Every structure is written in C-alpha cells, then in structure tokens.
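Undergrad: Quick one: the structure is below, questions incoming.
We did not get these values from a lab; they are worked out from the coordinates using the rules stated. Everything numeric in this text was worked out from a predicted model, so none of it was measured. Here the Cβ is made from the backbone with ideal geometry for all residues, glycine too, and neighbour counts use every protein chain on show.
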Amino acid sequence: MNIFDLIRKSFSEGKIKEGIESLLEYTSKIEDPDLRNYAISTSARLRLNYRKENLGIGSNDEDLNKVIISSLELVDELEELFNKHSGILPTPLVKDNKRKVFDAYYDLISFNDKFNDLGPSEKHDLYLSSIELKQRLYEGVDKRLKESYPKIVFSRLYYNKELYEVEYEQMNQIVDDEEVKWYDKSIIVSGLTLALLRDFDNKKLETLIKFTVGFEDKVWQRALVGIVLALQENSNLLLLYPRTLNKLKQLKEHRIISEALTQIYNDLFSKSYKTHFGSINQSFKASNFDYFQNPLHWLVPFHRSHPILDMEIRKFPNIDKIHLLPELLVQDRHMSNSEKFLTLITINKMSKEEVSKLIEDLEGSKECTRRHEFDRYIRDVYLFINHFGDENIKVSLEDEPAVEKQEYAKHCLNEEDL
C-alpha cells in the first residue's frame, strides 16, 4: 500500500489529523522543489480544513464528512500530479478504499429519480463522475476477466440454458478480435457445440455460423463440426427459425464449406472418429484422472502455449528423440485434443518401449496423405459423450445411422424446399 492509500485509509476512518501528519512527513522528503512546495501547500490546506471545522470538539457527522470528502479530493489531486511528474500512471484503488468508491457510485445511481430535474451542466458532471467511478471500480477486474473470459463463457454455456443478450454480442465481437487467440476462440466454440447438443437454440447456432464464416484456421473447422452435429438431432426445429435457416443456406454456398461438409459426412459415416491411435495405452482412461473431471478439459485445444506442457515435460523419460515429442503432439492430425493431454498425463506410467513406439508412430503419421481436418474434432465430442457421462448431451455417434439420418445435413443445408 503506497503513502496515498495509507492517507486515504486514515481519512476514511475519520483519522484526519493522523493522515495530515503522514502527508506532511512524506512531502518534506520530496526532492523536487516545485513538487515539494505544492505538496506542502496541499497539506496546509488540509490542516486548515481540519482546524476550521474544529473537528473532534463538538463536531457533527456532517462536518466530518465534508472534511473527509474535501481531504480525499485534495489527496487525489496531489497523487495525480505526483504520478504525472514521475511518469507513473495513476494506480487502481486498493481494497481499503474500494468501499468508498462503491458508496459514491451508488450515490450517483440514486439520482435516477431526480435526473430529469438536473441542468445540462449537472448532467455533464454526473456523467463524467459515473465514467470515472466505473473505470476505477472495474478496470482491474475487467483486465483479469479478459484473460479468463473464454473459460467463463464455456462454463456459462455448459451450465446455463439461457444467456443474456450482451453475452451473445460479446461472443460475436470476439470472432473478429485479433487479440483473442485461436485456441481461446475454440473454447467458446466447444461450449456452443455442447450447449446446442443439450438444448437447441437458434442464437447459439447463429453464433457458431459466425465463427465458421470467420474462417480462422482451427476455429472455423471446429465450429462447422458443431453445426453439423447439432443439426443431426434438431433439423426439423430449423423450420421455426427462417432467418437461421436462410443463414445456413448461404453458408453452403461457400465452396470451402461445401467441400468441408462432404469431408465431415465421410468422417461421420465411416466412423473414422472412433479409430484409436497407435501406441496410446487404452488401459489409461481419461475419466480416471482428476484433470478430466472438468468438462472443459475434454475439448480444450492442445497447443504450444498450454501450461500443462511445461508441467509434464519434466516427467518425460530419458530416451532417444524424446525432445521431439512435444512438437510431434502439437502437429499430429490424428489424435484428438483430449488424447494428446492424456498422453502427457500418463507418459510417466508408460514403459520406455511404449514411449519410443509412440514417437515412432507420430513420426510415421506425418506421412499420411489424408488431411484429417475434421474427424479429430468429432472425436473430441465422441470421447466426451462416452467417458464424461453427461446424459443431457444428445447426439447419436454410437448407433449405426439410419438412411434418413445419412441425409440430415444435406437436407438441412442444401434442400431448396426446406
């Protein structure tokens, strides 16, 4: 806590004299003469306020509050000048002072009933005060929330049937936000997919369409798989939403989308997503590990920046070519994301021969001529459904598809009479 926060704390607690003494002691040590003189002058004004109101000798709460408010304003003024002079940006409010800001903010919003009676100048001042207070209240929180936003959205989508309209607006804005990494966007896409498989919702489907037509690599492919899986169970419900249906018809007009749909159909009906890769030890079931008790961890993308890589690398066995394993896992097109995480978690339980065989298989898989662009995303959902055990997620990936099911996506996306 810096000196200004300590002084504010003293003032907020009604300890005006102690706060002034702390400020005087601090200002006397400032090297810059101009800044020191201004600080001393401010301290003198504070002391004058204190003496003028004769606080502590028969003073009432109103007198005390007036001096506290004026004192806090002077301290803010002094801190702002000091930070500007020293090149330091104003610091966010600390916990001890946050209650005062909340109280001030609620005082402001209590003007609602009287707002129309205020003059233009008063409204202007009120507006500026509101902006400043909200910024001071939430700027620190907003920054931290932005870093966790994709995971928060996933939880909101997975555990809640209804979202606020502003949440849809935020998701749609993220599609084109270059500051948001592809793997964070993919987390949101996975949340939308699971939410649609649980309860059909045209708003969620339209949001997936937007992520698809954004054509950001590793995001749009996952989003398109989500759309196809959602339509497998809910194609008839589209008739209730003409606008959404029209967007799907426009979507299939993209050549890239048309080719991708053909590949997804082939993956679904050939059941390539059920294929188990190479040397992964099937006795290690993901559902037995704490890491996979979180539904997000079945679907989160495996990428170089994921912190689990650094955590698990130290457990790698000392064998030939072990240094290649992290990049081989990142680049592999056959394994699902959850299988890659499972491999890292269980590698210390494998024999050296098993790890060597895994590396050999991963090196060999690079020569595969198939693109495997979509089946790994289907497999993510398939493994989640079969091992996480959420009975509310509805999609038929185990049963043999009926003839009418084989045409579901084409019917939803291509038939002109729908």
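Undergrad: Full-extension gain between GLU147 and ARG333, please, as 0.36 nm times their residue separation minus the C-alpha to C-alpha distance.
TA: 64.2 nm
Undergrad: How high is the FRET efficiency between CYS368 and ASP320 when r is their beta carbon distance and R₀ equals 22 Å, given to the nearest 0.05?
TA: 0.45
Undergrad: Pop the C-beta distance of HIS387 and LYS352 into the FRET formula with R0 = 25 Å and round what comes out to the nearest 0.05.
TA: 0.35
Undergrad: Now for a different question. Would any residue of region 361-397 have its amide N under 19 Å from a label point 7 Å out along Cα→Cβ of THR262? List them or say none.
TA: 369-375
Undergrad: Another one. Can you tell me the length gained on complete extension of the stretch SER155 to ASP117, counting 0.36 nm per residue apart and subtracting the Cα distance?
TA: Roughly 9.3 nm would be gained on extension.
Undergrad: Here is a follow-up. Determine, for MET171, MET335, MET311, MET350, the number of other Cβ atoms within 10 Å of each Cβ, and report the residues in order from fewest to most.
TA: The most exposed by this proxy come first: MET311, MET350, MET335, MET171.
Undergrad: Still on this structure, I have one more. Taking 25 Å as R0, compute the FRET efficiency from the Cβ-Cβ separation of TYR291 and LYS218 and round it to 0.05.
TA: Step by step, r from the Cβ atoms, then E = 0.70.
Undergrad: Turning to a different aspect of this structure: So between GLU77 and LYS203, what do we pick up on full extension, going 0.36 nm a residue minus the alpha carbon distance? If you can, show how the numbers build up before the last one.
TA: Working: separation 126, 0.36 × 126 = 45.36 nm, distance 4.79 nm.
Contour length minus the Cα-Cα distance gives 40.6 nm.
Undergrad: Output ³J(HN,Hα) for region 152-160: one whole-Hz value per residue in order, computed from phi by the Karplus curve 6.51 cos²θ - 1.76 cosθ + 1.60 with θ = phi - 60°, and x for Gly and Pro.
TA: Taking θ as phi minus 60°, the curve returns 5, 5, 4, 5, 4, 5, 6, 9, 10 Hz for region 152-160.
Undergrad: Can I ask one more? Going through the cross-link list LYS321/LYS352; LYS274/LYS315; LYS218/LYS340, which pairs have a Cα-Cα distance over 19 Å in this structure?
TA: LYS274/LYS315
Undergrad: Out of every Cα pair in region 163-418, what percent are spaced more than 35 Å from each other?
TA: 17 percent
Undergrad: Can you put ARG198, ARG379 in order of Cβ neighbours within 10 angstrom, beginning with the fewest?
TA: Result, fewest neighbours first: ARG198, ARG379.
Undergrad: Return the sequence-ordered ³J(HN,Hα) values of region 307-318 in whole Hz as given by the Karplus equation 6.51 cos²θ - 1.76 cosθ + 1.60 applied to θ = phi - 60°, using x for Gly and Pro.
TA: x, 5, 4, 5, 5, 8, 4, 5, 8, 4, x, 8
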